[in-house]
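Inspection log for the structure reproduced underneath, given as structure tokens.
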There are 2 protein chains.
Amino acid sequence: MTSTRYLEIADKLAVEIDGCRPGTRVASEPELAARFGVGRAAARAALQELERRLLVRRVQGAGTFVNRRIDYVISHSRPPSWHTTVEAAGATPRSHIKSVERVPLPAGRAAHLDRAAGTPMHRVIRTCYIDDLLATWIEEWIPVEVAPDLDLALHSVESIDLVLRQMGRVSPVRAWCRASVDIPPPEVLRGLGVEASVPVWLVDSVSRDEGTGQVLMASSAWTRADAVRVVVELSDTVYPEENA
Amino acid sequence: MTSTRYLEIADKLAVEIDGCRPGTRVASEPELAARFGVGRAAARAALQELERRLLVRRVQGAGTFVNRRIDYVISHSRPPSWHTTVEAAGATPRSHIKSVERVPLPAGRAAHLDRAAGTPMHRVIRTCYIDDLLATWIEEWIPVEVAPDLDLALHSVESIDLVLRQMGRVSPVRAWCRASVDIPPPEVLRGLGVEASVPVWLVDSVSRDEGTGQVLMASSAWTRADAVRVVVELSDTVYPEENA
DNA sequence: GAGCATTTGTCCGTATGTATT
DNA sequence: CAATACATACGGACAAATGCT
């Protein structure tokens, strides 16, 4: 089939990997070179090929490990909550608040939030983890009036969705979102713990209160494409999943 | 900043490339090696980095060329037409019919098309081009009753949307879609003219007639991520674009 | 904390294969 | 056919990050 050695090796490894649990160690470059009788370059190319296929993650000094990618499903009918969405995919969500500031709403965000520029806002920066692996960097904007003591509440509760429901007595629903894949700016790349340029999801989102229609939150989330497959469903029609 | 030579070179080239027209030739590996005083390995790594950033395309034997990526915007309010969507992004669409068969509707597709398995269908395979570059491989399913002579009509008109409007006297609107990024199966990769594993969009879509609500078409489109950035908008709220 | 082995990351030089022009 | 340019591959070397002693 393939005339190139490293693709043969990659295909063979892909089959072996297939059943393994995420986090399982894959043979190192020197091990593969010895096993298949090739140089380190070819062994390395094979592992890099698997990395491009999102089947493994490679960490300098540590090794190469079987990767897991979850489906992050966005639709009108699902709650706009990171924790809920990750749990729905069968994985364990965790998030870490990097900062909560009170800042006036910048003009560029005013349209999303349906408020005048200058309105007092909470600006929350979070990093989110899936099964303890860094996956997402989120910037969230929430009007101070919606949850005055948001900064205090976030010390004890991780989920912003939950805090809004409890403190703000509202029911956030996803009113709008725009999802795409891009190469993020270097500062976001660093925030996500990747050096080289890898594809990353950018999801811009606006949440409203189900009852009043009031805008509760606007956010921009950068998510590693090797950690999640974002699936956007345009309408609420639900079709049975097909097995690939 | 960066301690690695090839990233320095890549960053420098990225700036130089920035203003160039798509298709412009980029310096070859040996040229870069000489210019920056590095080996061919580092020069090559720099060009591969630019390829990962989707800034260039590389063709064996030909060279490295500045790439263009268009926004393919999908939303409820936009027509489900490949030609229209590509034109809206300011590029030139073209498509080539690979095959039109009459086949009974397979069970896996029945739900999407709201018809019983076995219903007579047209199955159309198309490859689509943006500015004469192969970008998309589409499989489309259309009930024979909707457009009995579809196979004949497609000899003269490229756009299926147009054919349905004229022959079928219907107005297709996007009723549902599911968009994600994946590594396609080898046969699709070959159909898209890529050898190594590159990220590709998979957009599954269902179109209905605006008037009657009848399902007109279901399709699966694989699109090269270096050719388009698919942007899915969940509701019809339109916000002003922000300049990155 | 220091030291060490392991593993991936970067880079050199060189050679050959293969596709394009 | 020849020249060019990218793809693959070898061998060797050192750097940098990780994990363990």
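Read the figures in this text as sums done on the coordinates, not as results from a lab. What you are looking at is a predicted structure, and each value in this text was computed from that prediction instead of being measured. Here the Cβ is made from the backbone with ideal geometry for all residues, glycine too, and neighbour counts use every protein chain on show.
From the set of residues in the range A:51-69 that are among the aliphatic types (A, V, I, L, M) and surrounded by fewer than 21 Cβ atoms within 10 Å (Cβ to Cβ), which is nearest to DNA strand D (Cβ to nearest atom)? That would be A:Ala62. Considering the range B:48-67, and only residues there that are in a helix (DSSP H, G or I) and within 12 Å of DNA strand C (Cβ to nearest atom), the residue that is nearest to B:Ala227 (Cα to Cα) turns out to be B:Arg52. Condition check for A:Thr4 on (1) crowded, with 18+ Cβ neighbours inside 10 Å; (2) within 12 Å of DNA strand C (Cβ to nearest atom); (3) within 14 Å of another protein chain (Cβ to nearest Cβ); (4) among the polar types (S, T, N, Q): one failure, at (1). Among the conditions (1) part of a loop (DSSP other than H, G, I, E, B); (2) within 14 Å of chain B (Cβ to nearest Cβ), the only one that A:Val206 does not satisfy is (1).
Based on this model, can you work out whether A:Ala88 counts as of a type in the set (Gly, Ala, Ser) and touching a residue at least 24 places away in the same chain (Cβ under 8 Å)? Taking the combined requirement at face value, the residue does not satisfy it.
From the list A:Val38, A:Val26, the lone residue that is crowded, with 18+ Cβ neighbours inside 10 Å, away from DNA strand C (no atom under 11 Å from the Cβ) and away from every other protein chain (no Cβ under 14 Å) is A:Val38.
To keep it simple, each residue is scored yes or no on (1) within 9 Å of DNA strand D (Cβ to nearest atom); (2) of a type in the set (A, V, I, L, M); (3) assigned to a loop (DSSP other than H, G, I, E, B); (4) within 30 Å of A:Val124 (Cβ to Cβ).
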{"site": "A:Glu16", "(1), (2), (3), (4)": "no, no, no, no"}
{"site": "A:Gly19", "(1), (2), (3), (4)": "no, no, yes, no"}
{"site": "A:Pro22", "(1), (2), (3), (4)": "no, no, yes, yes"}
{"site": "A:Ala46", "(1), (2), (3), (4)": "yes, yes, no, no"}
{"site": "A:Pro80", "(1), (2), (3), (4)": "no, no, yes, yes"}
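Taken together, the residues in the range A:183-211 that are more than 18 Å from A:Val163 (Cβ to Cβ) and surrounded by fewer than 17 Cβ atoms within 10 Å (Cβ to Cβ) amount to 9.
Residue under question is A:Ala179, and the condition is that it be within 13 Å of chain B (Cβ to nearest Cβ), within 14 Å of the chain's Cα centre (by Cα) and either surrounded by 19 or more Cβ atoms within 10 Å (Cβ to Cβ) or part of a strand (DSSP E or B) (or both); does it hold? Yes, satisfied.
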